[in-house]
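In what follows, a structure is listed as structure tokens, so that the remarks can point back to it.
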Amino acid sequence: MTLLVLCSLSLLAIAVGWSFVLLQRLRDWRLGFVIASLIAALGWLVALTVRLVLVDQQAAAGSLRLVTGPGPLQQLAVSGLAMAGVIYCHVLFQRDDVTGLPNRARFLNRVRRTLDRFRRDREAKFAVLLLDLDRFTVINHSLGQHFGDQLLLAVAGRLRACIRPGDVIARLKSDEFALLLHGSDEVSALCTAELMKEQLSQPIEIDGQEVLATACIGISLGSPAHERAERLLREADLATYRAKSRGNGQHEIFRASMHEHVVKRLALEADLRRAVERAELVLHYQPIIASRDGRLTGFEALLRWQHNEHGRVLPDDFIPMAEETGLIIPIGQWVLEEACRQMRAWQTQFPTAQQCLIHVNLSGVAFSGAPACRPNHLASKSPKAWSWTTSSRPSGCCHNCAHLMSSCRSTTSEPATLR
């Protein structure tokens, strides 16, 4: 009897073990669960057969006892089936549906285990790499979700070819992949990043159409200062953000100065949101003099930020941030209204200023984003004679120049200039 129980337990252990292996390696997790369930069901049938044999032996010996309910072997088999289901659910909810890779939760668990091992062995080295695909949102929206899923599968396959056995690759979200490299220092992490960029530089053919996939990569090196897996991932994310600011297909290693820069930037962004309310934004007016006769022809409005704590903040430090966050729209509206108000006041006070023009440099983001920044909304506030000069930054170029010129001409007889 003891031997039969041990055999049944061994069979159930094999069933559970194979369940875990299949669920780990098969891309179709439902098929893996079906196979694992069949193995567990086989164990249940063997246990039932063993029990029937025992019943026959007891009947032949004249010592048959009526037993109601499932026997102990069947209970063990059912427990094994339930355990296989638990393992299936646990693995399923930590896997990405599209690529079959571990998801964010499973990746963080692996990083935590690596950190625990690192605390015991300070000589161990590892690195976390975060890969962000360039233009994936555009590809997914323009070519369809199916095309985007196939692209993710192809990218996942190429990334697998760049890692060693024991390393971990995961998909964190839509266009982000993460890698955990064991025994990797700065040099080997950079080599892996270059290898991934080289793999992705080759065209990917999907449904007869070729597409190029580039990515920005952020690298965070494990150190004794890291206590949480989330911190490593956050540092890799900051490095990725810095890499993306340099253009597509770049990579960057996290440095402590990056975190300080981001904290300072967030504080500056919060202050910029309140700059208009605090009257910290001011306009300086630069005279425009005709070189032919030295006559004053107008003014150019220049935006400046006089911060209460940091003093004067240069436009190159806050204009790009305002464009990225959308704050350029209310700021642009304020600039236009203030410039028109000042020019009207000068024309009222000085009769000779009737023919002077006010020139305002606008971001294309501000001009196309808010109706209040368009000339037809400022006609009632504008001076008697004025012109529009929009100077678009590379990060905020106006995408509809014809519409901009038409909008300017609709409210003024003066020629509108776009440069």
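Observations on the model:
- Computed FRET value (nearest 0.05) for VAL263 with ARG312, which takes r as the C-beta separation and R₀ as 30 Å: 0.90
- When the alpha carbon gyration tensor of the stretch 105-261 is reduced to an equivalent ellipsoid, its three semi-axes come out at 28, 16, 14 angstrom, largest first.
- Neighbour-count order for ASP207, ASP237, fewest beta carbons within 10 angstrom listed first: ASP207, ASP237
- FRET efficiency estimate (nearest 0.05) - Cβ-Cβ, ALA256 to ALA279, R0 35 angstrom: 0.45
- Taking the stretch 303-365 and dividing mean pair separation by its residue count, relative contact order in percent (alpha carbons under 8 Å, at least six apart): 27 percent
- When only the Cβ of Lys, Arg, Asp and Glu is charged (+1, +1, -1, -1), the dipole of the stretch 142-262 relative to its Cα centre reaches about 180 debye.
- Over the stretch 273-342, Cα pairs under 8 Å with separation of 6+ residues give a relative contact order of 26 percent.
- Note on ARG164 and ARG119: with the Förster distance fixed at 25 Å, the Cβ-Cβ geometry gives a FRET efficiency of about 0.65.
- Panel order for SER245, SER291, SER184, by other beta carbons found within 10 Å of each beta carbon, from fewest to most: SER291, SER245, SER184.
- Remark: MET258, MET321 ranked as MET321, MET258, counting other beta-carbon atoms within 10 Å and listing the fewest first.
- The HN-Hα couplings worked out from phi for the stretch 223-235 by the Karplus form 6.51 cos²θ - 1.76 cosθ + 1.60 (θ = phi - 60°) are 8, x, 6, 7, 10, 10, 5, 4, 5, 4, 5, 5, 5 Hz, whole numbers, x standing for Gly and Pro.
Rule-based calculations on the coordinates, nothing more; no lab input. Because the structure is a prediction, the values reported are computed rather than measured. Here the Cβ is made from the backbone with ideal geometry for all residues, glycine too, and neighbour counts use every protein chain on show.
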